[in-house]
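Report on one structure; see the data block that follows.
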Amino acid sequence: MSITLPVDPSTTTSHRSLVEIRRVRKSFGAHQVLRDVSLAVPAGTVTVLLGPSGSGKSTLLRCINHLETIDGGRIIVDGELIGYRQSGHNAHEMTPRQIARQRRGIGMVFQRFNLFPHMTALENIIEAPIGIAGLPRAQARTRAKQLLDRVGLADFAAHYPAQLSGGQQQRVAIARALAMDPKLMLFDEPTSALDPELVGDVLDVMRELAKEGMTMIVVTHEIGFARGVADQVVFMDGGVVVESGRPEHVFDDPQRQRTRNFLESVR
Amino acid sequence: MTALEQTRSEFGTEATDDDVVAIPLRRPWRWIGAALVLLLAAAFLYSVLTNPNIDFAAIGQFLFDQRILEGVGLTLLITLISMVVSTVLAVVVAAMRLSSNPVLSTVAWFYVWAFRGTPLLVQIVLWGYLGRLYEKLSLGIPFTDVVFWHIDTNQLISAFVAGLLALTLNQAAYSSEIVRAGMLSVDEGQREAAYSLGMSPLYTFRRVLLPQAMRVIIPPMGNETISMLKNTSLLSVIAVLEIYTQATVISSQNLKQVELLIVASLWYLLMTSVLSIPQYYLERRYGRGTSRALPPTPLQRMRRAFASRRHGVAPAPETKAVSVI
Ligand SMILES: Nc1ncnc2c1ncn2[C@@H]1O[C@H](COP(=O)(O)OP(=O)(O)OP(=O)(O)O)[C@@H](O)[C@H]1O
Ligand SMILES: [Mg+2]
């Protein structure tokens, strides 16, 4: 499969952005979910994606680690074109193996945790480092224990996911993604499946991560978190970026009516 | 001291007015029913054991007869080979069925349709007659005269091989549906989580999807193995010398049909009983993480029972005395 890339001479000069999304298009059948979405995420910053249900936030996030293929445009992470190999004006889709290699550098956290239920918390974390990155077992275990400690679950290494609360599972899922030493973390509504009293612990871990300089793209409706942590807020609707900027600008002085309507509905 | 004993000593001796001792409902009909069934069973057993037409000495004599033991061995061998090969084949067929390639999934569908839709007995006889259909089997380039190697069919496909082929191909059709159901039972989010960690499709299948599918696959596969063991007796129609054929061969000489059928049945019972042991442990292994605590193995249960006997107190049944607060 090959797609035609938009001619854009400036892509080679964009070095300060860790993630470059340029005019990405995506349809499911006749339904166009992403229409020319462009977005840049500087290294070490946090971008919060906001928008009503069905606006294409999850789809955009999933395109970034190629869980979805794109129909046009390009996504560049750390200087590498995601999912495609460029030759001239055509881009050829990579083999599953090459794509898997690219995904190692991009961690993802899901709304429904998706921990492996047949493995303990510790086994969940060490599986990919040992099996994929080839880390020695002892080293992977030490690192996994540090990560569990960091998300406040040092005593839960031997617990199976079914023995953990939702908030604990999500923190294990974050530790699991971090174990591959990603340069970018994607969060798709990480707290929306949680009971309200468990949301705080997960957000704390994410705040901590942001403070340490991790580049993050977060889909969330937690306005408080976005205000406190985000460097950039992007409001999407109907598959396009309606408005983006510093959180104080987007939240306190939205320029578009659609943004205002949405913010009123979530407040 | 077990937890239960502790509870009893805490609550039993210092019972206050607030404690209520629950006494289970008496069920006299259970006792009457049980007595009736026991009586009937005893009567049946008596009629069999005192039946002058059954030669019990012959049963004892043939139970460990050389030919019977060889039959047992062959039955086990056929069961083992056809279960292993058919399971591998089943995974392939299931993967084809689930594939997005329409040719592969249609071929897989057709395979299951054909082999599930005809009686196993008919398939066995057909494989036995294969030599009549194709006298020679050859390896060459299709639709040309180029032949690298050929062999007389009856020479290659002995009754044993024909039987194996029939059982294996038939079983693969059934097992592939079990494997497919198992794969479909795994949440799609599991694959995505695995992919997002950089796992390849094959690695994901092996380490993430298959172990979870196994939980759904193993109980019915245990059943299939037991069915397979018994279905080997159908190979008697093409004269494969498994245990049932051996038993009929012997009884055709000494006319002790019932005795030899009892001998064969005893062996079948023993073999199917033994087969349920590995199933239990496999279910336990792949059940990890599904419930909050794993059930104890029979061995652990026995050890626990002995341990409490040594302390002199048998653990109280849970419903005998419950403190209600
Ligand atoms: N695999 C798919 N096949 C067909 N349509 C899809 C698929 N995935 C998503 N869609 C559609 O694409 C649109 C955007 O979905 P997406 O999940 O990206 O929205 P979202 O902004 O994340 O919404 P939410 O806030 O509800 O999670 C929706 O209309 C959805 O129905
Ligand atoms: Mg979504």
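The values are calculated or read from the model by the stated rules, or taken from the named source; none is laboratory data. Keep in mind that this is a model prediction, so the values were computed, not measured. Don't worry about glycine lacking a Cβ; one is built from the backbone with ideal geometry, like all the others, and counts go over all protein chains shown.
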Close pairs from the stretch B:287-302: first closer than 27 Å to B:Val186 by Cβ and within 7 Å of another protein chain (Cβ to nearest Cβ), partner surrounded by 12 or more Cβ atoms within 10 Å (Cβ to Cβ) and at pLDDT below 75, Cβ under 9 Å, at least 6 apart
B:Arg288/B:Leu294
So, in the stretch B:175-231, exactly how many residues are within 14 Å of chain A (Cβ to nearest Cβ), basic (Lys, Arg) and farther than 28 Å from A:Gln98 by Cα?
1
Scan the stretch A:220-251 residue by residue and report those that are within 16 Å of ligand 2 (Cβ to nearest atom) and acidic (Asp, Glu).
A:Glu222, A:Asp237
Could you tell me which of the residues A:Arg103, A:Arg97 is more than 16 Å from ligand 1 (Cβ to nearest atom), at the interface with chain B (Cβ under 9 Å from one of its Cβ atoms) and exposed (fewer than 15 other Cβ atoms within 10 Å of the Cβ)?
A:Arg97
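So that you can scan it fast, the table gives a plain yes or no per residue for (1) within 14 Å of another protein chain (Cβ to nearest Cβ); (2) in contact with a His (Cβ under 6 Å, 6 or more places away or on another chain); (3) over 23 Å from A:Arg207 (Cα atoms); (4) not acidic (Asp, Glu):
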{"site": "A:Ile125", "(1), (2), (3), (4)": "yes, no, no, yes"}
{"site": "A:Ala128", "(1), (2), (3), (4)": "yes, no, yes, yes"}
{"site": "A:Pro136", "(1), (2), (3), (4)": "no, no, yes, yes"}
{"site": "A:Arg143", "(1), (2), (3), (4)": "no, no, no, yes"}
{"site": "A:Asp149", "(1), (2), (3), (4)": "no, no, no, no"}
{"site": "A:Gly152", "(1), (2), (3), (4)": "no, no, no, yes"}
{"site": "A:Ala158", "(1), (2), (3), (4)": "yes, no, yes, yes"}
{"site": "A:Gln163", "(1), (2), (3), (4)": "yes, no, yes, yes"}
{"site": "A:Gly167", "(1), (2), (3), (4)": "no, no, no, yes"}
Find all pairs meeting these conditions: Cβ atoms under 9 angstrom apart; at least six residues apart or on different chains; first residue within the stretch B:34-54 and within 21 Å of B:Lys256 (Cα to Cα); second residue assigned to a helix (DSSP H, G or I).
B:Leu49/B:Phe56; B:Asn53/B:Val258; B:Ile54/B:Val48; B:Ile54/B:Val258; B:Ile54/B:Glu259; B:Ile54/B:Ile262
Restricting to the stretch A:25-47, what's the tally of residues that are under 25 Å from A:Arg267 (Cα atoms) and within 8 Å of ligand 1 (Cβ to nearest atom)?
0
May I ask you to list the residues in the stretch B:154-166 that are buried (at least 16 other Cβ atoms within 10 Å of the Cβ) and either at pLDDT below 70 or among the aliphatic types (A, V, I, L, M) (or both)?
B:Ile157, B:Ala159, B:Ala162, B:Leu164, B:Leu165, B:Ala166
Filter result for B:Val216 (crowded, with 18+ Cβ neighbours inside 10 Å and modelled with pLDDT under 95)
yes
Lone qualifier among A:Pro161, A:Pro190, A:Pro196, A:Pro182 - being free of Cβ contacts under 8 Å to residues at least 60 places away in the same chain and either under 30 Å from A:Phe235 (Cα atoms) or of a type in the set (Phe, Trp, Tyr) (or both)
A:Pro196
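Residue by residue, here is whether (1) modelled with pLDDT under 95; (2) within 13 Å of chain B (Cβ to nearest Cβ); (3) within 16 Å of ligand 2 (Cβ to nearest atom) holds:
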| residue | (1), (2), (3) |
| --- | --- |
| A:Arg176 | no, yes, no |
| A:Ala179 | no, yes, no |
| A:Phe187 | no, yes, yes |
| A:Asp201 | yes, no, no |
| A:Met214 | no, no, no |
| A:Val218 | no, no, yes |
Kindly establish whether A:Gly83 is at pLDDT 95 or above, within 14 Å of chain B (Cβ to nearest Cβ) and away from ligand 1 (no atom under 16 Å from the Cβ).
no
What is the number of the single condition among (1) within 29 Å of A:Ala43 (Cβ to Cβ); (2) within 13 Å of chain B (Cβ to nearest Cβ) that A:Ser192 does not meet?
(2)
A:Gly56 passes all but one of (1) within 16 Å of ligand 2 (Cβ to nearest atom); (2) farther than 30 Å from A:Lys211 by Cβ; which number fails?
(2)
The stretch A:55-69, residues that are assigned to a loop (DSSP other than H, G, I, E, B) and either more than 6 Å from ligand 1 (Cβ to nearest atom) or within 14 Å of another protein chain (Cβ to nearest Cβ) (or both)
A:Asn65, A:His66, A:Leu67, A:Glu68, A:Thr69
Condition check: within 16 Å of ligand 2 (Cβ to nearest atom) and either at negative phi or not in a loop (DSSP other than H, G, I, E, B) (or both). Does A:Phe262 satisfy that?
yes
Identify, please: which residue in the stretch A:106-123 is within 16 Å of ligand 1 (Cβ to nearest atom) and more than 7 Å from every other protein chain (Cβ to nearest Cβ) and is, among those, nearest to B:Leu197 (Cα to Cα)?
A:Val109
Please go through (1) within 14 Å of chain B (Cβ to nearest Cβ); (2) touching a His at 6+ places or on another chain (Cβ under 8 Å); (3) within 16 Å of ligand 1 (Cβ to nearest atom); (4) not β-branched (Val, Ile, Thr) for A:Leu50 and return the number of the only condition it doesn't satisfy.
(1)
